[in-house]
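Visitor: Provided herewith is a single structure, encoded as structure tokens, for subsequent inquiry.
The values are calculated or read from the model by the stated rules, or taken from the named source; none is laboratory data. This is a predicted model, so every value here is computed, not measured. Please note: Cβ atoms are built from the backbone with ideal geometry, for glycine as well, and neighbour counts cover all protein chains shown.
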Amino acid sequence: MKIGQSIWHCAYLGEDENGVIQYAEPKEYKLQFRYLSITPVSGYLATLQYGKQVNKIWRIIANRQVFEGIFNEGDLLYIDGVSPTLDMNYYNGDNANARVQSVLPQLVNIVIDVERIQP
């Protein structure tokens, strides 16, 4: 993805009394050099870790000072040019194309692995 493009993040809120999963409203973040970047995973270690799923995984590198506590496992994302459609029948998280799998804080950055959701 290119610098300046947007990703949209819907935080996981949990389940309601009927067992329906709830998400927060989508929040837009611009990809910025040194603060937020996203790339598909590749390489030998990624192949060992994800196997055949390696083609469905993106890795987000986020600055820890700016994005600490924002991304959590189970959150939904709109990435790769997809954005939420805000019509009358829209529910938070509808048509999202990625789900956060892991959030790994490092010294300076946070490494976030994201899996593509098949429509």
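Visitor: For segment 87-108, what are the residues that are assigned to a strand (DSSP E or B), more than 21 Å from G4 (Cβ to Cβ) and under 14 Å from the mean Cα position of the chain (by Cα)?
Guide: Matches in segment 87-108: R99, V100, Q101, S102, V103, L104.
Visitor: Related question: Looking only at segment 84-119, which residues are under 24 Å from F33 (Cβ atoms), of a type outside the set (D, E, K, R) and surrounded by 15 or more Cβ atoms within 10 Å (Cβ to Cβ)?
Guide: Passing the criteria: N97, A98, V100, V103, N109, I110, I112, V114.
Visitor: Cβ-Cβ below 7 Å, separation at least six or inter-chain, first residue in segment 79-104 and closer than 20 Å to I57 by Cα, second in a strand (DSSP E or B) and among the basic types (K, R): which pairs?
Guide: N97/R116; A98/R116
Visitor: Which residue is surrounded by the fewest Cβ atoms within 10 Å (Cβ to Cβ), if the candidates are limited to segment 14-56 and must be at pLDDT 85 or above and among the β-branched types (V, I, T)?
Guide: Top of the filtered list is V20.
Visitor: Additional query: Filter segment 1-22 for residues that are in contact (Cβ under 8 Å) with a residue 12 or more places away in the chain and among the charged types (D, E, K, R) and give the result.
Guide: Scanning segment 1-22 gives a single hit, K2.
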